[in-house]
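A.B. asks: Here's a structure for you.
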Amino acid sequence: MSELRIATWNVNSLKVRLPHLLQWLESCEKNHHAIDVIGLQELKLTDDKFPIKELQDAGYLSLFMGQKTYNGVAIIVRKDSLTHLNQDLETAFLQVQKNIPGFEDDQQRLLATTLHFKKTAPLRIICGYFPNGQAPGTEKFDYKLRWLGALYQFVQAELSTHPRIVLLGDYNIAPQDEDVHDPAAWVGQNLVSEPERKFFESFLELGLIDSFRMFPQAPKTFSWWDYRMMAFRRNAGVRIDHLLISPALKEECVSCTVDREPRKWEQPSDHAPVVMTLKHSN
DNA sequence: ATGGCCGCGCGTCGCGGA
């Protein structure tokens, strides 16, 4: 039996959070829970500033697409976890897709790639930083819905060619009331409004599965807490970071958990990493 | 108690985040 760990983390500036990322990856490795692949969001840096070398020194290869100030996504893979033929930057990331095909966008929000791991059959990883949306009725919200519509089309097409898909990232959608600390106060608000939740549902209707909800979870488990109002101490959060898996992966999926530890560290990201484990019997 | 924070840029406040 071997395990593969896949994570998602909105780091809210990779420049600021690189030490946290490296520390977290190292601590996972030390605990014999090494992260094999992680999708990052909100890099907030241009490609020339991406810490390729620091991550390579930590044993990880990087695929990234940044921009100045806002957005930016990356997929980082543990070199040793890849098949020997794929253990360098030129060959690690196959079938790379940058942003959603056919959807004109200046904002760098989506990366997809196929990875060939030693432990399992190839996986199609789609890493998204879904638009925040600001508030229903705004232009940014319209953009969020258009982006979601384009993503739906893309994922539908991907499913027909790639059976083993992980759609991970910062969805900026809390799918159910149990994913919100105070559902009554949030009714109709951004992140929980009906059209957003309908889109989340539409991905489930495509057959994707919210890996987090496959398992019993502590009530009030969240992945994001506002920096203000002592939200983390009060656990006033929302669960908006998700790993959805295609049906082909359901039997292999054995856990999905939020790691709250890095949120407690000095100068943290406002998001916590979420980790999913696939078990492959061989 | 509807507020309090944080990161960024060419900035010393405004914007975006969620």
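The values are calculated or read from the model by the stated rules, or taken from the named source; none is laboratory data. All of these numbers come straight from a predicted model, not from anything done at the bench. Neighbour counts are summed over all protein chains in view; Cβ atoms, including those assigned to glycine, are modelled from backbone coordinates with ideal geometry.
A.B. asks: Which count do you get for residues in region A:111-138 that are basic (K, R) and either within 13 Å of DNA strand B (Cβ to nearest atom) or part of a strand (DSSP E or B) (or both)?
C.D. replies: 1
A.B. asks: Among the residues of region A:222-231, is any free of Cβ contacts under 8 Å to residues at least 40 places away in the same chain and within 20 Å of the chain's Cα centre (by Cα)?
C.D. replies: No, there is no match, as no residue in region A:222-231 is free of Cβ contacts under 8 Å to residues at least 40 places away in the same chain and within 20 Å of the chain's Cα centre (by Cα).
A.B. asks: What about A:G133, is it among the small types (G, A, S) and within 20 Å of the chain's Cα centre (by Cα)?
C.D. replies: Here the answer is yes, as A:G133 does meet what is asked.
A.B. asks: Test A:Q108 against the criterion of being part of a strand (DSSP E or B) and either surrounded by 15 or more Cβ atoms within 10 Å (Cβ to Cβ) or at pLDDT 95 or above (or both), and give yes or no.
C.D. replies: Details: part of a strand (DSSP E or B): no; either surrounded by 15 or more Cβ atoms within 10 Å (Cβ to Cβ) or at pLDDT 95 or above (or both): yes.
The answer is no for A:Q108.
A.B. asks: Further question: Quick one: in region A:250-267, of everything that is within 16 Å of DNA strand B (Cβ to nearest atom) and under 17 Å from the mean Cα position of the chain (by Cα), which residue is surrounded by the fewest Cβ atoms within 10 Å (Cβ to Cβ)?
C.D. replies: Ranking the candidates gives A:R260 first.
A.B. asks: Next question. Determine whether A:P216 is assigned to a helix (DSSP H, G or I), more than 24 Å from A:Q156 (Cα to Cα) and away from DNA strand B (no atom under 12 Å from the Cβ).
C.D. replies: Taking the combined requirement at face value, the residue does not satisfy it.
A.B. asks: Across region A:117-142, what is the total count of residues that are closer than 16 Å to A:I165 by Cα and buried (at least 20 other Cβ atoms within 10 Å of the Cβ)?
C.D. replies: The number of residues fulfilling the criteria is 8.
A.B. asks: Kindly check whether there is at least one residue in region A:222-243 that is hydroxyl-bearing (S, T, Y) and touching a Gly at 6+ places or on another chain (Cβ under 9 Å).
C.D. replies: Yes, that holds for at least one residue.
A.B. asks: When the residues of region A:268-282 are narrowed to those that are within 13 Å of DNA strand B (Cβ to nearest atom) and among the small types (G, A, S), which ends up surrounded by the most Cβ atoms within 10 Å (Cβ to Cβ)?
C.D. replies: A:A272
A.B. asks: Could you tell me whether A:F203 is within 16 Å of DNA strand B (Cβ to nearest atom), farther than 24 Å from A:R260 by Cα, among the aromatic types (F, W, Y) and assigned to a helix (DSSP H, G or I)?
C.D. replies: In short, no.
A.B. asks: Something else: Those residues that are farther than 19 Å from A:P216 by Cα and not hydroxyl-bearing (S, T, Y), I need them from region A:248-271; list them, please.
C.D. replies: A:A248, A:E261, A:P262, A:R263, A:K264, A:W265, A:E266, A:Q267, A:P268, A:D270, A:H271
A.B. asks: For region A:225-248, give me each residue that is touching a helix residue (DSSP H, G or I) at 6+ places or on another chain (Cβ under 8 Å) and within 24 Å of A:F199 (Cα to Cα).
C.D. replies: Once the filter is applied, which keeps residues that are touching a helix residue (DSSP H, G or I) at 6+ places or on another chain (Cβ under 8 Å) and within 24 Å of A:F199 (Cα to Cα), region A:225-248 yields A:W225, A:V238, A:R239, A:I240, A:H242, A:L243, A:L244, A:I245, A:S246.
A.B. asks: Show the residue pairs meeting these rules: Cβ distance below 6 Å; 6+ apart or different chains; first residue within region A:119-145 and more than 17 Å from A:W186 (Cβ to Cβ); second residue more than 12 Å from DNA strand B (Cβ to nearest atom) and of a type in the set (S, T, N, Q).
C.D. replies: Partner pairs satisfying both residue conditions: A:K119/A:S2; A:P122/A:T114; A:R124/A:T114; A:I125/A:T113.
A.B. asks: Condition first: out of contact with any helix residue (DSSP H, G or I) (no Cβ under 8 Å at 6 or more places or on another chain), not in a loop (DSSP other than H, G, I, E, B) and not charged (D, E, K, R). Now tell me which residues in region A:152-167 satisfy that.
C.D. replies: A:Q153, A:F154, A:Q156, A:A157, A:L159, A:S160, A:T161
A.B. asks: Looking at A:G188 and the list (1) surrounded by fewer than 16 Cβ atoms within 10 Å (Cβ to Cβ); (2) part of a helix (DSSP H, G or I); (3) of a type outside the set (D, E, K, R), which single condition is not satisfied?
C.D. replies: With (1) surrounded by fewer than 16 Cβ atoms within 10 Å (Cβ to Cβ); (2) part of a helix (DSSP H, G or I); (3) of a type outside the set (D, E, K, R) applied to A:G188, the lone miss is (2).
A.B. asks: Which one of these does A:Q41 not meet: (1) more than 15 Å from DNA strand B (Cβ to nearest atom); (2) at pLDDT 95 or above?
C.D. replies: (1)
A.B. asks: Okay, next question. Can you tell me which residue is surrounded by the most Cβ atoms within 10 Å (Cβ to Cβ) among those in region A:220-245 that are part of a strand (DSSP E or B) and more than 10 Å from DNA strand B (Cβ to nearest atom)?
C.D. replies: Looking only at region A:220-245, we keep the residues that are part of a strand (DSSP E or B), and these are A:224-225, A:237-238, A:241-245.
Cutting the leftovers down to more than 10 Å from DNA strand B (Cβ to nearest atom) gives us A:242-245.
On the way: A:H242: 28, A:L243: 25, A:L244: 24, A:I245: 25.
Top of the filtered list is A:H242.
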